[in-house]
Amino acid sequence: MRAVILDEPRSLRVVSDWPEPEPGPGEVLVQVLGVGICGSDLALHAGHRRPPAFPWVIGHEAFGQIEVTGPGVDRGRAGQRVVVEPNIPCGGCLACRAGRTSACPYRKSLGFSVPGALADKIVVPAAFAWPVPADWGDCDAVCAEPLAVALAAVRRAMAALAAAVTPARADRCLVIGAGSQGTLACIALAASGISPTVLDPHPGRLALARELGARAPGPADTGFGLVFETSGTPAGLAEAVDRAEGGGLIVLIGQSSRPVPLVTERIVQRQLTLMGSLIYDHPGDFAQVTGERGPGRRAGRVLRACYPMAEAGAAFQAAAEVPGKTWIRVGPASSQSPEA
């Protein structure tokens with residue numbers, strides 16, 4: 001079968017003889033139809049993150065169609081259109097038993113700790129292949145995983161505000177960074193009735209955020225009770241601290257290995273709370289995304305570029321440059337998609 005593999009940093013190629021997987025007990029074989037590209041994929045491609053081995057199949061934001069069910073899986077699921085939840089926890093550790101599967105130390109991550117999804121076919125546990133609502137297009141389906149990241153961040157932020165003795169104002173909300181995660185955060189916030197202000201130096205990204213209902217801040221626009229930092233840059237975190245109101249909550253979604261200079265006096269004196277939000281928790285967050293009334297519908301509005309599998313290299317270059325999200329179409333358009 002075909003697969004997109006990374007031979008070394010910045011060296012991608014498409015092969016046609018990659019071994020086809022077979023589903024085991026409790027697993028399904030998914031014919032992949034499309035895979036999104038995110039900042040974590042770009043970091044792996046650039047060599048800022050290293051896979052366990054080379055050559056390496058990349059990609060994790062996948063959707064497709066169940067082709068074969070393994071032993072113990074309902075055969076009626078064959079032919080079902082699904083999105084893949086690519087972070088697979090052990091289910092038995094303390095974090096998993098507490099419902100924080102995102103913190104599972106034994107978690108398997110497609111494309112990072114185990115081979116990825118940018119191939120004609122992949123095998124995943126049946127419980128991590130989520131049925132796609134009938135009115136979702138392929139563009140919505142390819143955005144399901146990163147939207148789950150954004151929804152989890154909003155869910156955790158609201159829980160933290162609800163538990164605070166003197167909660168900050170969520171209606172004064174700022175999103176820093178209007179890349180794919182920032183724009184999907186806008187969609188997630190809109191599902192909670194919040195219209196955020198968005199800060200990004202890139203005019204094209206800022207325009208996309210405004211299309212989604214966000215506002216651009218003024219130069220002296222501060223006093224935000226809730227701030228989502230999605231860029232992962234030192235400058236972004238500095239902006240978050242500067243623009244948050246006293247007692248405000250700053251949620252960190254973007255990641256960076258670069259040291260960040262922080263003036264702790266500003267954080268302590270203003271009693272700011274900094275909270276990290278990593279991916280999502282199984283099964284609740286994906287269940288919300290793919291629910292019939294969930295916000296996954298029309299998430300595809302953040303997409304701006306699509307490439308065939310044969311042009312994976314160009315797709316990765318575009319993902320680093322094009323405002324909005326880029327994805328790779330692996331198979332034909334789904335016959336079950338409203339877009340077909």
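The values are calculated or read from the model by the stated rules, or taken from the named source; none is laboratory data. Computed from a predicted model, the values in this text were never measured in an experiment. Every residue, glycine as well, gets a Cβ built from its backbone with ideal geometry; the counts of neighbours run over all protein chains shown. To get the accessible areas, we keep the full protein, side chains included, count just its heavy atoms, and leave off ligands, DNA and RNA. Shrake-Rupley method; radii C 1.70, N 1.55, O 1.52, S 1.80 Å.
Observations on the model:
- For residue 176, neighbours were defined as the other residues whose beta-carbon sits under 10 Å from its Cβ, and their charges (Lys and Arg +1, Asp and Glu -1) total -2.
- Heavy atoms of the protein chains alone define the surface here; on that basis the range 229-340 has 49 Å² accessible area per residue at 1.4 Å probe size.
- Rounded to 5, percent antiparallel among DSSP beta bridges of the chain: 60 percent
- Relative to the globular-protein estimate of 2.2 N^0.38 Å, the Cα radius of gyration of the chain stands at 0.98.
- Solvent-accessible surface of the range 42-168, taken per residue with a 1.4 Å probe and all protein chains present: 39 Å².
- Percent accessible area from carbon and sulfur atoms, the chain, protein chains only, probe 1.4 Å: 53 percent
- Summed residue charge, Cβ within 15 Å of residue 230's Cβ, Lys/Arg positive, Asp/Glu negative: +1
- The eigenvalues of the Cα gyration tensor, multiplied by 5 and square-rooted, give the range 262-340 an equivalent ellipsoid with semi-axes of 35, 22, 11 Å from largest to smallest.
- Debye log10 I(q)/I(0) for the range 139-189, one point scatterer per Cα, at q = 0.17, 0.28, 0.30 Å⁻¹: -0.55, -1.09, -1.17
- Net charge in the neighbourhood of residue 55 (other residues with Cβ under 10 Å of its Cβ; Lys, Arg +1, Asp, Glu -1) is -1.
- Helices in the chain, meaning DSSP H runs of at least 4 residues, each add -39500 (n - 2.57). Divided by all residues, the mean residue ellipticity at 222 nm is -7500 deg cm²/dmol.
- Between 0 and 90°, nearest 10: helix 144-163 axis offset from the chain longest Cα axis: 40 degrees
- Largest to smallest accessible area among 282, 48, 60, 202 [probe 1.4 Å]: 48, 202, 282, 60
- In a reduced charge model with +1 at each Lys and Arg Cβ and -1 at each Asp and Glu Cβ, the range 37-149 shows a dipole moment near 560 debye about its Cα centre.
- Among 214-222, 240-248, the peptide with the highest mean count of other Cβ atoms within 10 Å heads the list, and the full ranking is 240-248, 214-222.
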